[in-house]
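The values are calculated or read from the model by the stated rules, or taken from the named source; none is laboratory data. Keep in mind that what you see is a predicted model, and the values were worked out from it rather than measured. Here Cβ is always computed from backbone atoms with ideal geometry, including for glycine, and neighbour counts include all displayed protein chains. Keep in mind that these areas ignore ligands, DNA and RNA; they rest on the heavy atoms of the full protein, side chains included. Shrake-Rupley method; radii C 1.70, N 1.55, O 1.52, S 1.80 Å.
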Amino acid sequence: MSTIGKALALLDLVATLDKDIGLSDVARLSALDKATARRFLVELEKHGFVEQDGETRKYRLGAAPVRLSRIRQARFPLLAVAAPFVKGLAEDVGETVHLSEFSGGRLSTIDVETSSQAHRVIVDIGSVLPLHATASGLAYLAFLPQGEIDQALSQPLKRFSPETIIDVDAIRGHLREAAKRGFSINQQGFEMGVISAAAPILSPGGRPVGTLAVAAPTARADLTRMHEIGAKTAAAAKGVAERYFGTKR
């Protein structure tokens, strides 16, 4: 990995933590020696990407990523366009709905509308969604060119739960089904007790730019219910794409 890549990986590490972190822990978690970790942190702090608490000397995410995020959102407002669809779908199905965008080589959650029911699925904004183990990831993969699917499935496939499918042929079967019906379904592949349906948000050329997904407790939703939800999710995702790309006639 290049020097820039290591620094960005360190920044990503700091961004994913829910509390400030000291230099020793940064070095340990990033597999860098302390001198290198400190050098990267000093440069990132200089440009506003991380900041250091004056008293504890611990690090947290700085303001620069927020500024860049606002600029990107102003120019490419997927979140602003999709938010009403996310909220509307959540109200319709009564379950947690989340919007994800593919950027920087990963599929990440950028908006969540949590179910109002007491027993509900919690999804965190910023969560990275494995392509092989989540409904969102499968929906995204299913609409990629074959070469990119092959490349994604050639990587080591991590098992996240006892139900995670890591057999490549089985995953390909799920992708074919998702491409045919327009949405994917994932049963407990990422987290036990959760079943999800997801649909891609497609550009005019048919390439996915993100996904819209519904996550429900298995105690309340079965396959039949998720097929119904999946169809509604696909319709909402199509609405997002039409509004975002200006393709609605």
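In the list Val86, Val97, which residue meets the criterion of being of a type in the set (A, V, I, L, M, F, W, C), in contact (Cβ under 8 Å) with a residue 24 or more places away in the chain, assigned to a helix (DSSP H, G or I) and under 30 Å from Ser115 (Cα atoms)?
Val86
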Hits in the range 224-244 - residues which are among the small types (Gly, Ala, Ser) and under 11 Å from Gly182 (Cβ atoms): Gly230, Ala231, Ala234, Ala235, Ala237
Answer from Glu51, Glu45 - the residue that is of a type in the set (D, E, K, R), part of a strand (DSSP E or B) and in contact with a strand residue (DSSP E or B) (Cβ under 8 Å, 6 or more places away or on another chain): Glu51
Residue tally, condition of a type in the set (Gly, Ala, Ser) and open to solvent by less than 20 Å² (accessible area, probe 1.4 Å), over the range 8-44: 3
Which numbered condition Val86 misses (of (1) in contact with a His (Cβ under 8 Å, 6 or more places away or on another chain); (2) more than 29 Å from Ala133 (Cα to Cα)): (2)
Ser116 vs. criteria surrounded by fewer than 21 Cβ atoms within 10 Å (Cβ to Cβ) and outside any helix (DSSP H, G or I): yes
Looking only at the range 139-149, and only at residues there that are open to solvent by less than 60 Å² (accessible area, probe 1.4 Å) and part of a helix (DSSP H, G or I), the one that is nearest to Ala215 (Cα to Cα): Ala139
Evaluation of Leu79 against (1) open to solvent by 30 Å² or more (accessible area, probe 1.4 Å); (2) at pLDDT 90 or above; (3) in contact with a strand residue (DSSP E or B) (Cβ under 6 Å, 6 or more places away or on another chain) (one fails), failing number: (2)
Close pairs from the range 1-14: first under 16 Å from Asp25 (Cα atoms), partner open to solvent by less than 50 Å² (accessible area, probe 1.4 Å) and among the β-branched types (Val, Ile, Thr), Cβ under 6 Å, at least 6 apart: Val14/Val50
Where a residue in the range 125-138 is assigned to a loop (DSSP other than H, G, I, E, B) and its partner, wherever it lies, is aromatic (Phe, Trp, Tyr) and surrounded by 24 or more Cβ atoms within 10 Å (Cβ to Cβ), with Cβ under 7 Å and at least six apart: Leu131/Tyr140
Search result, residues across the range 222-240 that are farther than 18 Å from His174 by Cα and open to solvent by less than 10 Å² (accessible area, probe 1.4 Å): Ala237, Val240
